[in-house]
1. Here is a list of conditions, (1) in contact (Cβ under 8 Å) with a residue 40 or more places away in the chain; (2) surrounded by fewer than 17 Cβ atoms within 10 Å (Cβ to Cβ), and Gly151 meets all of them except one; can you say which number that is?
2. Here are the criteria: (1) without any contact (Cβ under 8 Å) to a residue 24 or more places away in the chain; (2) assigned to a helix (DSSP H, G or I). Tell me which single one Asp130 does not satisfy.
3. Taking Val81 as the residue in question, decide whether it is loosely packed, with under 15 Cβ neighbours inside 10 Å, modelled with pLDDT under 95 and assigned to a helix (DSSP H, G or I).
4. For region 96-109: of the residues being in contact (Cβ under 8 Å) with a residue 12 or more places away in the chain and either touching a Phe, Trp or Tyr at 6+ places or on another chain (Cβ under 8 Å) or among the small types (Gly, Ala, Ser) (or both), which is surrounded by the fewest Cβ atoms within 10 Å (Cβ to Cβ)?
5. Among what's in region 296-319 and is loosely packed, with under 15 Cβ neighbours inside 10 Å and of a type outside the set (A, V, I, L, M, F, W, C), pick the residue that is modelled with the highest pLDDT.
6. So which residues in region 231-240 are more than 18 Å from Tyr259 (Cβ to Cβ) and either of a type in the set (S, T, N, Q) or assigned to a helix (DSSP H, G or I) (or both)?
7. Quick check on my filter: what residues within region 273-286 are more than 14 Å from Thr164 (Cβ to Cβ) and surrounded by fewer than 24 Cβ atoms within 10 Å (Cβ to Cβ)?
Amino acid sequence: MKYYLIVGEASGDLHASRLMLSLRKQDPDAEFRFFGGDLMSAVGGTRVKHYRELAYMGFVPVLLHLRTILGNMKMCKRDIVEWAPDVVILVDYPGFNLSIARYLRAHTHIPVYYYISPKIWAWKEWRIKDIKRDVDELFSILPFEVPFFEGKHHYPIHYVGNPTAEEVSHFKAQYHEEREAFCLANDLSISKPIVALLAGSRYQEIKDNLPMMLRVAATFSDQYQFVLAKAPSVDDHFYARYLNTHHGADVHTVSDRTYALLSHAEAALVTSGTATLETALFRVPQVVCYKTPVPRLIRFAFNHVIKVPFISLVNLIAGREVVSELFADRFTYDNICADLRSLLPGGNRRAAMLEGYDEVFKALGDTSAPDNAAQQMIALLQKKK
């Protein structure tokens, strides 16, 4: 069968490439055409556009590149119709992808499948009307999305497992580096325990959160060494701007070794996002800390406007507070220090957090998300033929 996939960022490229491999395992004659990245290209097929040509975030960048964005959208619609695939598979990136889905529903009979659903439970819940109207099948990687879509909005979806859980499991199975070897390879002390710093993958996140993390690191550096996991998309000079101005902190860095770092860490300071789930999957106690502008206003909005109870995937999956979320007005030096102290070895909250992680593992399950999604997609397509 012919599969047309659309992604708009690096994480989508990763997830889509693994889905393509799974589709090919079950459909050896699979043909792929896509808006995607290098990982998808490595699997095979025809890349129409690289996702970097689509990825504009924020009001001003979108406004400045509006002509390019609209041109890409028009080209994508035309290309899909001309190629006439058996299915179009959209991966996250809702601003672009829901527009494509709307066009396909209005002008074609091509089925639209959504893999990794838009996070409308956090923001823009009104998009459920578009999804119900324009998306034939939705495949979720987060278990708490099932009651949201099916219970609240009466829209059946498929929970296929979580690819991050699978990636961590695969890494653990093949990673056998001893702590001493890891420390020697990265110029770290063999005697000092490690606290990981995961400050985000975007420049603004790092600018906002890293200075506070370094300040906290300086407080604990007599007993612990802090190791910053650098994001591959961020320039070393940008990190140096902050690392070179906090001389009291014993902070080292690693590049492209986040999973190895978490394998040897005793605790972690983490911004929100997938990193919170990855940290939990490595059973590393964590403080979720995230600086926001106008913190009191953000806290008010979170309590009265935003419709999710938590910002971290760990708590959302568990359905309760497993990890502390120190954001907005709770993002303070004293709060972060106190929380970290309680989670270090011997701390009074460490055991309870590790028990909470077990609830997260159970909720995620152990199925292969791309294999499960591919199997269900092919079965649904064959049923319609």
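1. Among (1) in contact (Cβ under 8 Å) with a residue 40 or more places away in the chain; (2) surrounded by fewer than 17 Cβ atoms within 10 Å (Cβ to Cβ), Gly151 violates only (1).
2. All conditions pass for Asp130, except number (1).
3. On the way: loosely packed, with under 15 Cβ neighbours inside 10 Å: yes; modelled with pLDDT under 95: no; assigned to a helix (DSSP H, G or I): yes.
Judged against the criteria, Val81 is not a match.
4. Of the residues in region 96-109, the ones in contact (Cβ under 8 Å) with a residue 12 or more places away in the chain are 96-105, 107-108.
Now narrow it down to the ones that are either touching a Phe, Trp or Tyr at 6+ places or on another chain (Cβ under 8 Å) or among the small types (Gly, Ala, Ser) (or both): 97, 99, 101.
Values: Asn97: 25, Ser99: 17, Ala101: 23.
Only one residue tops the list, namely Ser99.
5. Checked region 296-319; the qualifying residue modelled with the highest pLDDT is Pro309.
6. Correct list: Asp236, His237, Phe238, Tyr239, Ala240.
7. If we filter region 273-286 for residues that are more than 14 Å from Thr164 (Cβ to Cβ), which is where we start, we get 283-286.
Result: Arg283, single match.
Condition check ((1) among the aromatic types (Phe, Trp, Tyr); (2) assigned to a helix (DSSP H, G or I); (3) within 23 Å of the chain's Cα centre (by Cα)) across all residues:
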| residue | (1), (2), (3) |
| --- | --- |
| Ile190 | no, no, no |
| Ala196 | no, no, yes |
| Glu205 | no, yes, yes |
| Ala217 | no, yes, no |
| Ala229 | no, no, yes |
| Tyr242 | yes, yes, no |
| Ser263 | no, yes, yes |
| Glu266 | no, no, yes |
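The values are calculated or read from the model by the stated rules, or taken from the named source; none is laboratory data. Everything quoted here is computed from the prediction, not taken from an experiment. Every residue, glycine as well, gets a Cβ built from its backbone with ideal geometry; the counts of neighbours run over all protein chains shown.
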